[in-house]
Amino acid sequence: MKIANRREKGIYALFARYVSLNIVSIIAVSCYVLADTFFISRSGGPDGITVLNLCLPIYNIIYAIGAMIGTGSAIRFTIEKNEGRRSRYFTNALLWCLIFGLAAALIGGSRPDLILHLMGGDSQIVRIGIPYLRIFILFSPFFMANQVFTAFVRNDGAPALSMTATMSSSLFNILFDYIFVFPMGMGIAGAGLATAISPVVSISICCLHFLAGDNNLHIRKMLPDVRLLVSSCKLGISSFVAEMSQGVTTTLFNFLILGLEGNIGVAAYGIVANFSIVGTSLFNGLAQGTQPLISRFHLTGEEKKKRQILRLGIITALCIALLINLAAWTQTDLLISIFNSSRSAMLSRIAHPGLRIYFTGFLCSGLNIFLASSFSADDKAAASACVSLSRGFAAICAFALVLSRLFGMTGIWASYPAAEAFTLMLALGWLISGSRKK
């Protein structure tokens, strides 16, 4: 009995260590998005927030591709038994991130005005947003490569170093947001420059892992391997959709809201979306923290430990969701006022019900994000893809289009919790089905 209790405590300690480190590091990432919004709102007012919200889906695409390649390759690295093939995943992931990153930088850096027009910006918004978009999109290879470094360092037994790298880059971003925007007078372009340099800081710190005695990561001389990429991306699809869903939702909501409330409506949604990023980051931290543990126990066949991690993850996701909703419903006006520097009554009127209704979706989305990641870590790519694609694309688009026609802005806010509730039924179906088979 005592031995069993010690093992139980060991699982709790392992879960707490990995999850807490990842939640802290991902919160740090989301905080620099809030810092961008805060400084831009002070510098450019509602138009500045609108620019940021139109650029956010582009950032999501870049980040999502890097997360899919990095996380998927790191999972393959963890569960692969063939040592010769195992060592190739790290280099292959970096090579493909370089290829995709350079392509994004070339396309986006040459015509940022066209991208902003396509995202729904009018001439005023495009004029303000060109410097911001051009600067950060040119650093696309670094954003993508950073996902590879942090994922592999975390999965190679150094989650503390991965967290330190992420937090340091975020603190750099927040500090230099202020320095570039105000003392140096660079305005919105300064916020873009601070964001662009931050992944370079993170990568530099992750490179310290190569000096460690227990380092298993090595750069190999090889050409980009499509088969390794496809194999990795199958397990990284949940990470891709977790990031990409924010971009898809933001893009769709931007166009719908522009037709209902114009630029001020998009600015109101920008406030809700930026706080949503913080909430989502908590669940992504939970998912990324448990992913190496589930992969490890899957590889060693320790089903009991894997079930314990799954149970702890579900309980933690529900607790986080309840705390988020408590904050959203009790501090609504305070949260909105942080970004409403112009004291716009119309902005506040639109954002107030939006924040409350939208955030009820976290009661289901937290479980969806965690379960999609756990399916992926357990080598169940089909289940992970089904859950991720439903919440990230299919369900949210369908509910947004239908409910916005029926209920206007209220329908738009309600589409997120409706889509997450629908997806949770799918996720629980996969979970129960897998348990019955075992």
**Message:** Take Ile219 and tell me if it is surrounded by fewer than 18 Cβ atoms within 10 Å (Cβ to Cβ), at pLDDT below 90 and among the β-branched types (Val, Ile, Thr).
**Reply:** yes
If we keep only residues of segment 415-428 that are closer than 16 Å to Phe370 by Cβ and not polar (S, T, N, Q), then the residue most open to solvent (accessible area, probe 1.4 Å) is Met425
Per the filter on segment 61-111, residues within 15 Å of Ile137 (Cβ to Cβ) and of a type in the set (S, T, N, Q) are Ser110
Point to revise | Any hit, segment 340-353, residues being under 26 Å from Thr166 (Cβ atoms) and part of a helix (DSSP H, G or I) | key: no
Counting only helices (runs of 4 or more DSSP H) wholly inside segment 47-128, the ones holding at least 3 residues that are more than 24 Å from Ala385 (Cβ to Cβ) and at pLDDT 90 or above are 88-110, 112-118
Review point. What about Leu286, is it open to solvent by less than 10 Å² (accessible area, probe 1.4 Å) and either over 23 Å from Phe407 (Cα atoms) or hydrophobic (A, V, I, L, M, F, W, C) (or both)?
Key: yes
Condition check: closer than 24 Å to Val153 by Cα and without any contact (Cβ under 8 Å) to a residue 12 or more places away in the chain. Does Gly285 satisfy that? no
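The rows are residues; the columns are (1) more than 30 Å from Leu258 (Cβ to Cβ); (2) open to solvent by 40 Å² or more (accessible area, probe 1.4 Å).
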{"residue": "Ile320", "(1), (2)": "yes, no"}
{"residue": "Asp333", "(1), (2)": "no, yes"}
{"residue": "Arg356", "(1), (2)": "no, yes"}
{"residue": "Phe362", "(1), (2)": "no, no"}
{"residue": "Phe370", "(1), (2)": "yes, no"}
{"residue": "Ala377", "(1), (2)": "yes, no"}
{"residue": "Lys380", "(1), (2)": "yes, yes"}
- Task: Please work out if Val230 is touching a residue at least 40 places away in the same chain (Cβ under 8 Å), of a type outside the set (D, E, K, R) and under 18 Å from Met144 (Cβ atoms).
- Result: no
The correct count of residues that are farther than 15 Å from Phe77 by Cβ and touching a Leu at 6+ places or on another chain (Cβ under 8 Å) in segment 294-304 is 0
Based on what the data block shows, is Ile264 assigned to a helix (DSSP H, G or I), of a type in the set (A, V, I, L, M) and over 30 Å from Phe152 (Cα atoms)?
-> yes
| task | Could you tell me whether any residue of segment 247-258 is more than 21 Å from the chain's Cα centre (by Cα) and open to solvent by 70 Å² or more (accessible area, probe 1.4 Å)? | result | yes
Worksheet item: Residues in segment 337-348: is at least one of a type in the set (Val, Ile, Thr), on the phi < 0 side of the Ramachandran plot and surrounded by 19 or more Cβ atoms within 10 Å (Cβ to Cβ)?
Response: no
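The values are calculated or read from the model by the stated rules, or taken from the named source; none is laboratory data. A quick note: this is a predicted structure, and the numbers were derived from the prediction, not measured. Glycine also receives a Cβ, built like all others from the backbone with ideal geometry; neighbour counts cover every protein chain displayed. Accessible surface is based on the protein model in full, side chains and every heavy atom, while ligands, DNA and RNA are left aside. Shrake-Rupley method; radii C 1.70, N 1.55, O 1.52, S 1.80 Å.
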